[in-house]
Amino acid sequence: MKRKIALLGAAAAVALIPASAMAERGSSGHVSIIYWQAPSILNPYLSGGTKDVDSANIILEPLARYDEEGMLVPWLAEEIPTVENGGVSEDLTSITWRLREGLVWSDGTPVTSADAVFSAEYCMHPEGGCASLRYFNDVESVEALDELTIRINFSVPKPVPYSVFVGPYTPIIQAAQFAECLGARAPECTEANFYPIGTGPFVVTDFRPNDVIQLEANQNYRDPNQPAFATMTFRGGGDATSAARAVMETGEMDYAWNLQLAPDVIAEIARGGRGQPIVAFGTLVERIEINMTDPSPDLPADIRSTREAPHPILTDIRVREALSRAIDRELLVEIGYGPTGEAACNLVPNPPIFRSTANDNCLEQDQDRARELLEEAGWTPGADGIRVNADGQRLVLDYLTSTNAVRQDFQALIQQWWREIGVEANLRNVSASVFFGGDPGSPDTFQKFYADVEMYANNFAGTDPEQYLGAYRCGLEPRPATQWQGENINRFCDERYDALHRELAQTADLEERARIGRELNDILMQEYVIIPLVSRGRVSAHANNLGGVRLNTWDTEMWNVHEWYRAE
Amino acid sequence: MFNYTLRRLLLAIPTLLFIALVIFLLLELSPGDPLADMPLTIPPEVRQSMRLALGLGEAWYIRFYKWLYMFAVIEPSHVLANMTGWNVALEGQRILSWQTRSPVADIIAQRLPQTLWVVGLSYLLGILLAVPIGVYSAYRQYSWFDQTGSFVSMVGFSLPTFFTGPLLMLIFAVWLGWFPIIYDTTLVVNSWESFLKQLRQMAMPVFVLTLYNAAQISRFMRASMLDNLNQDYVRTARAKGMTERVVVNVHVLRNSLIPVVTVIALGIPTIFTGAIITETIFRVNGLGQLLITAIYASDIPMVLTLSVVFAILIVLFNLIADLLYAILDPRIRYD
């Protein structure tokens with residue numbers, strides 16, 4: 001029976017492919033996309049904001065991308081270089097890419113290795129303020145070996161050399177167009193930043209910053225039958241609700257991006273019947289970070305929330321574990337995210353190969369165990385139910401997050417659960433632009449962490465968590481000496497963790513990397529310095545008659561826009 | 001009158017300089033970061049170099065001076081060049097928005113038509129509706145017309161546009177399907193059909209704003225008419241045997257218009273500031289939406305430039321309102 005279904009499926013797939021592949025370029029007419037954040041610029045090197053990178057990737061393309069499974073696929077390159085096929089040197093210090101033959105820019109001129117060399121020079125220019133600079137870490141030089149071959153040399157062995165020109169943040173830009181735009185002159189090139197010449201399926205005809213982009217099919221696109229759409233409107237602004245309505249209720253739009261709405265709202269709008277929501281899970285995890293240092297306002301400013309002042313309560317692992325055990329993650333998912341969330345017990349929930357199963361006991365709320373742990377740690381219930389220790393100190397925590405309806409719901413629920421185990425939480429929320437703003441003068445940034453616990457979501461780009469996990473090494477914590485910049489938000493420091501991370505940085509084999517990655521994740525989880533709550537999926541919506549959409553969390557949502565077509 | 005105008009205009013210069021400085025310092029002191037919108041995956045060192053590339057490395061007074069020079073000298077020359085086609089644009093760095101890295105003045109020019117169409121039209125319609133309603137309500141005080149007018153004004157006044165907007169959208173766009181949810185800023189009106197399309201997409205935002213404007217102005221008109229209707233000169237006019245039409249429409253109306261014209265003139269700058277909420281709800285990407293997104297993104301050059309342009313308009317229309325006083329009321333003389 002199963003085999004029969006499989007066969008039918010295969011037959012259906014075979015029957016479907018020609019239908020879309022045979023469509024001629026431009027035969028599907030017009031497609032409208034709506035992003036409720038409007039694109040400001042079409043140069044990913046100068047922005048880094050999702051709305052800008054996504055829209056720019058319709059026009060500009062990298063050498064290789066990640067598909068919806070998180071696997072690398074060659075894009076402008078002929079194949080993915082590996083040690084086996086000789087593309088990556090034995091000592092892991094260089095990678096050699098070869099461009100496809102016959103590639104041309106939308107203006108008809110050939111794409112050559114010189115364009116790639118220029119793109120690297122453009123981003124690595126010290127005065128350019130390039131947003132994608134991190135992808136060029138440890139790059140010593142980028143050289144053109146011949147018309148189509150590019151070699152990237154690294155100053156250190158790179159077990160994962162797929163950073164430069166891989167994924168949406170580092171596309172190839174045309175050297176001829178951007179030649180005058182290097183360094184400090186980059187922002188002055190408005191024409192080039194608004195109308196980049198690319199290799200992608202569409203070409204910009206009109207760009208209105210923070211409003212709308214109009215595009216038409218690239219007549220020089222490498223596949224003569226693609227894209228199926230002749231023209232495209234990429235509209236921005238408004239809010240997620242009306243964007244969802246425009247696709248699923250009124251049918252004005254074909255595709256709406258990132259519908260962060262309450263689950264019942266999406267379900268209600270989807271009843272409109274003209275479109276459907278789609279969900280995919282990536283690496284975004286809503287979590288509570290625990291401050292290992294003392295945020296007390298009584299401390300001098302240069303010591304407060306730094307490693308010099310260990311937290312009086314939270315340095316005890318039993319308290320941290322109790323805080324985690326008291327939480328019912330399934331309920332959080334149900335209330336805040338519905339089908340677009342999953343209970344999370346790991347910092348690295350995806351890709352599947354990096355997902356650990358060692359922490360799954362967090363799925364079960366266990367308040368008895370939480371109370372037991374607090375008793376062991378010397379916290380006994382006081383008169384009002386809030387625990388006190390032998391010195392008479394009350395178990396009160398400041399709980400900070402950014403202003404956002406779902407986060408405030410979460411705060412209230414978690415406050416309630418913590419109260420049930422005898423922990424009082426003082427809730428506080430600050431505007432997202434301040435919280436994530438990183439202004440060293442503000443006391444309310446998430447880096448400064450003037451609170452005992454704080455909640456936000458973070459993720460990593462691409463499919464490899466090495467850099468992401470590296471944030472929790474000693475010495476990377478925000479502190480006055482670094483103007484409160486730094487990625488080790490909870491100020492965790494463990495020699496064992498650092499040693500293991502160094503091992504990861506020297507391992508090339510994927511299986512082995514995954515094992516070490518899981519182990520690093522497990523250390524953080526079992527030390528309870530991070531309390532993961534919900535793995536957040538990305539939800540978008542497309543019209544019922546828009547075909548070819550494959551929602552991808554490893555690249556931009558526009559990654560396969562050349563394959564989209566109008567279904568009958 | 002001329003001397004007075006000149007004196008006021010000269011006095012406006014230090015005022016505006018002071019306003020610009022205060023806005024600049026407020027933005028400077030306020031928390032927020034132009035890079036806050038960037039994903040957390042961008043490491044701090046990269047953020048720092050991006051900040052330097054935006055010019056944030058210099059002292060505040062240097063940045064303020066640079067902005068002032070560009071605003072007062074470079075930008076006007078470009079605007080003039082664009083409007084007249086003369087080749088008068090000066091060389092030099094223009095005010096660049098941090099979000100788009102493109103000249104602020106060009107974006108403002110691009111947004112102005114949307115705002116004038118929607119907000120300007122609703123202001124005009126509001127006045128055209130409000131004046132007759134106000135006059136008739138006052139003339140027939142406590143009649144059913146007056147009561148209904150008061151009720152509608154109160155509704156228009158007290159219901160915020162962020163409530164009426166989505167409500168109208170739900171009824172007229174989602175349920176009835178008469179109007180589109182999304183305002184198409186790229187629509188070119190060049191035929192009867194596209195004109196109808198423009199009317200349909202403007203209908204909801206214009207209605208929401210007209211209701212609000214009409215409610216406000218009709219209340220002023222009514223109150224001012226009531227003040228005048230009991231004056232002695234009205235009795236005199238009637239005693240002289242003038243018709244009610246002449247009494248009301250000529251004598252009372254002209255006198256009652258004096259305070260209302262001031263209110264209307266002072267309200268005109270708000271057309272340019274756009275209607276932030278209504279524009280955002282209906283996706284009329286005009287000046288209001290531009291300002292609010294710039295504020296969210298901590299795009300200081302954009303916020304500063306827009307705010308100072310608004311300040312100039314407000315100072316200017318204050319002067320115009322004062323001059324209108326003198327024209328409408330012969331008793332007022334400035335020289």
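Remarks
- Radius 13 Å from Cβ of B:Leu170, net charge of other residues (Lys, Arg +1; Asp, Glu -1): -1
- Fraction of alpha-carbon pairs over 16 Å apart in region A:482-525 - percent: 44
- Under 5 Å, built H, 5+ apart or other chain: amide partners of A:Leu284: A:Arg536
- Applying the criteria of a DSSP loop state and at most 13 other Cβ atoms within 10 Å to the GluC sites (Glu not before Pro) of region A:396-480 yields no site.
- Residue among B:Thr236, B:Thr164, B:Thr278 with the largest mean-square fluctuation in a Gaussian network model of chain B, springs linking Cα atoms under 10 Å: B:Thr236
- Neighbours of A:Pro351 by Cβ distance under 15 Å: Lys/Arg scored +1, Asp/Glu scored -1, total -2.
- Mean-square fluctuations from a GNM of chain B, with a 10 angstrom spring cutoff on Cα atoms, peak among B:Phe163, B:Phe24, B:Phe71 at B:Phe163.
- Projected onto planes of every orientation and averaged, the convex hull of the alpha-carbon atoms in region A:48-90 covers 4.2 nm².
- Shielding by partners, peptide B:280-293 (average Cβ within 10 angstrom, other chains): 4
- Using θ = phi - 60° in the Karplus curve 6.51 cos²θ - 1.76 cosθ + 1.60, the 3J(HN,Hα) couplings for region B:6-17 round to 4, 4, 5, 5, 5, 5, 5, 5, x, 4, 5, 4 Hz; x is entered for Gly and Pro.
- Loop-located GluC sites (Glu not before Pro) in region A:274-335, at most 12 other Cβ atoms within 10 Å (DSSP): none
- Shown in residue order for region A:519-526 are the 3J(HN,Hα) couplings computed by the Karplus curve 6.51 cos²θ - 1.76 cosθ + 1.60 at θ = phi - 60°: 5, 4, 4, 5, 4, 4, 6, 7 Hz (x for Gly and Pro).
- Here region B:1-127 is treated as a Stokes sphere of Kirkwood radius computed over C-alpha pairs; at 10 °C and 1.306 mPa s its diffusion coefficient rounds to 88 µm²/s.
- Other protein chain C-beta atoms within 10 Å of residue C-beta, averaged over B:92-104: 5.
- Of the residues A:Tyr456, B:Ser97, B:Pro34, the one whose Cα sits farthest toward the positive end of the charge dipole of the protein assembly as shown, with +1 on the Cβ of Lys and Arg and -1 on the Cβ of Asp and Glu, is B:Ser97.
- For chain A, with +1 on Lys and Arg beta carbons and -1 on Asp and Glu, the positive-most of A:Asn85, A:Leu397, A:Gln219 along the dipole: A:Gln219
- Spatial separation of Cα centroids for region A:305-355 and region A:501-533, in angstrom: 16
- Spatial separation of Cα centroids for region A:69-136 and region B:15-94, in angstrom: 35
- Relative exposure of B:Thr148, A:Thr93, judged by other C-beta atoms within 10 Å (fewest first): B:Thr148, A:Thr93
- C-alpha center-to-center spacing [region B:129-155, region B:224-261] in angstrom: 17
- Phi to ³J(HN,Hα) by Karplus 6.51 cos²θ - 1.76 cosθ + 1.60 over region B:317-332, Hz, x for Gly, Pro: 6, 4, 4, 4, 4, 5, 5, 5, 3, 5, 6, 6, 10, x, 6, 8
- Residues A:Glu334 and B:Leu128, FRET efficiency given R0 of 51 Å [Cβ-Cβ distance, rounded to 0.05]: 0.45
- Long-range HN-HN contacts of A:Ile327 with modeled amide H, under 5 Å: A:Asp366
- Counting charges near A:Cys181 (Lys, Arg +1; Asp, Glu -1) among other residues having Cβ under 14 Å from its Cβ returns a value of -4.
- Peptide A:210-216 shows a mean partner chain C-beta count of 5 within 10 Å per residue C-beta.
- Peptides ranked, highest mean first, by Cβ atoms within 10 Å: ranges B:172-180, B:130-138, A:273-281: B:130-138, A:273-281, B:172-180
- Panel values: the protein assembly as shown, Kirkwood radius from alpha carbon pairs, Stokes-Einstein at 4 °C and 1.567 mPa s, translational diffusion coefficient 42 µm²/s.
- What you get for chain B, charging only the Cβ of Lys and Arg (+1) and of Asp and Glu (-1), is a dipole of about 880 debye around the Cα centre.
- Both the radius of gyration and Dmax for chain B are 24.1, 85 Å, in that order, over alpha-carbon atoms.
- Sorted on the mean count of surrounding Cβ atoms within 10 Å across their residues, most packed first, peptides A:43-52, B:109-118, B:323-332, A:124-133 read A:43-52, A:124-133, B:109-118, B:323-332.
- Taking the convex hull of the alpha carbon positions in region B:93-232 and averaging its projected area over all directions gives 13.1 nm².
- Rounded to 5, percent antiparallel among DSSP beta bridges of the protein assembly as shown: 75
The numbers here are math on the coordinates, done by the rules we state, and not lab data. Since this is a predicted model, take the numbers as computed values, not measurements. As a convention, Cβ positions derive from the backbone with ideal geometry for all residues, glycine included, and neighbour counts pool all protein chains shown.
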